[in-house]
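**Q** Just passing along the structure, written as structure tokens.
The values are calculated or read from the model by the stated rules, or taken from the named source; none is laboratory data. Given the structure is predicted, the values throughout are model-derived calculations rather than measurements. With ideal geometry, Cβ positions are generated from the backbone for all residues, glycine too; neighbour counts draw on all protein chains shown. In case anyone asks, the SASA skips ligands and DNA or RNA and just uses the protein heavy atoms, side chains included. Shrake-Rupley method; radii C 1.70, N 1.55, O 1.52, S 1.80 Å.
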Amino acid sequence: MTVFDHATAAVGDWADPFDAFLGTCSVAWRKLVSQHDRLLRLLHDERGRAGWVDDVLDVASKLAEGPFRSYGALILLASKVTAGEETTATEESIARYKPFSKVLRDLGSAHPIMAEGVESLMRNAEAHYDYIPHPDGIEIRHLPPRNSSVPQVDFLLFDDLLAAVLNLHELALAMAAGVMRWVWESCNVPSRERFRRDWLTA
């Protein structure tokens, strides 16, 4: 990933000691694999089944709050290292960039393609217990505005909902692959081996 290459050019050992970086990646990768398995089952499940929408939006929420947020925080931290605002990947420095709203906003500004479609999906996910099923989709009623005006209502086809979740999964997977490639090409052998072991045993 270019952003990690730039960070390494600025501070050669910014990811060392490797524990915090590896820990973030390992947890994110295991969660990504877990939600991938759930998505595969939902792809072949009956979309009219009671609870199908809840399951799909639960996957979306877990992808966003898990791997998308964690990998996104590492990308934002690397950008800050490049800018001279951070020097190392510690649990504390990574945590500064982990709030979901910050990851979504800052990724959307610096790397728009990596946050495309995520905001609208999460807006729907926040209201996933306030929907009315229809034969081909769901009517989503959003939380009432504070000024007592009419709440927003969206209609989402089942296929569009699933496509949005698959897009979020693809974004998180692209981040994971980018991190993996950078580790393999740029980190020392012990770090690579630790990363490889966690990647293969997830």
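**Q** Out of the residues in the range 137-153 meeting the condition of being over 18 Å from ALA50 (Cα atoms), at pLDDT 70 or above and of a type in the set (A, V, I, L, M, F, W, C), tell me which one is least open to solvent (accessible area, probe 1.4 Å).
**A** Per the stated criteria, the residue is VAL153.
**Q** With at pLDDT 95 or above and on the phi > 0 side of the Ramachandran plot as the only criterion, which of GLY23, GLY84, GLY117 stands out?
**A** Result: GLY84 is the single residue among GLY23, GLY84, GLY117 that is at pLDDT 95 or above and on the phi > 0 side of the Ramachandran plot.
**Q** I would also like to ask the following. So, in the range 1-45, how many residues would count as being in contact with a helix residue (DSSP H, G or I) (Cβ under 6 Å, 6 or more places away or on another chain), of a type in the set (Lys, Arg) and more than 16 Å from TRP199 (Cβ to Cβ)?
**A** 1
**Q** As an exercise: evaluate ALA163 against (1) among the aliphatic types (A, V, I, L, M); (2) farther than 25 Å from LEU77 by Cα; (3) assigned to a helix (DSSP H, G or I); (4) touching a Leu at 6+ places or on another chain (Cβ under 8 Å) and give the number of the one condition it does not meet.
**A** (4)
**Q** If only one of SER101, SER61, SER70 is out of contact with any Asp or Glu (no Cβ under 8 Å at 6 or more places or on another chain) and closer than 19 Å to MET180 by Cβ, which one is it?
**A** SER70
**Q** Here is a further query. For the range 164-197, name all the residues that are touching a Phe, Trp or Tyr at 6+ places or on another chain (Cβ under 8 Å), within 26 Å of ALA9 (Cα to Cα) and open to solvent by less than 50 Å² (accessible area, probe 1.4 Å).
**A** LEU171, ALA172, MET175, ALA176, GLY178, VAL179, TRP182, VAL183, CYS187, SER191, PHE195
**Q** Name the one entry in LEU156, LEU161 that is touching a strand residue (DSSP E or B) at 6+ places or on another chain (Cβ under 9 Å), open to solvent by less than 50 Å² (accessible area, probe 1.4 Å), within 20 Å of GLN35 (Cβ to Cβ) and without any contact (Cβ under 8 Å) to a residue 60 or more places away in the chain.
**A** Result: LEU156 is the single residue among LEU156, LEU161 that is touching a strand residue (DSSP E or B) at 6+ places or on another chain (Cβ under 9 Å), open to solvent by less than 50 Å² (accessible area, probe 1.4 Å), within 20 Å of GLN35 (Cβ to Cβ) and without any contact (Cβ under 8 Å) to a residue 60 or more places away in the chain.
**Q** OK, next. Looking only at the range 141-152, decide whether some residue is among the charged types (D, E, K, R) and part of a helix (DSSP H, G or I).
**A** Within the range 141-152 (the criterion being among the charged types (D, E, K, R) and part of a helix (DSSP H, G or I)), the answer is no, since none of the residues qualifies.
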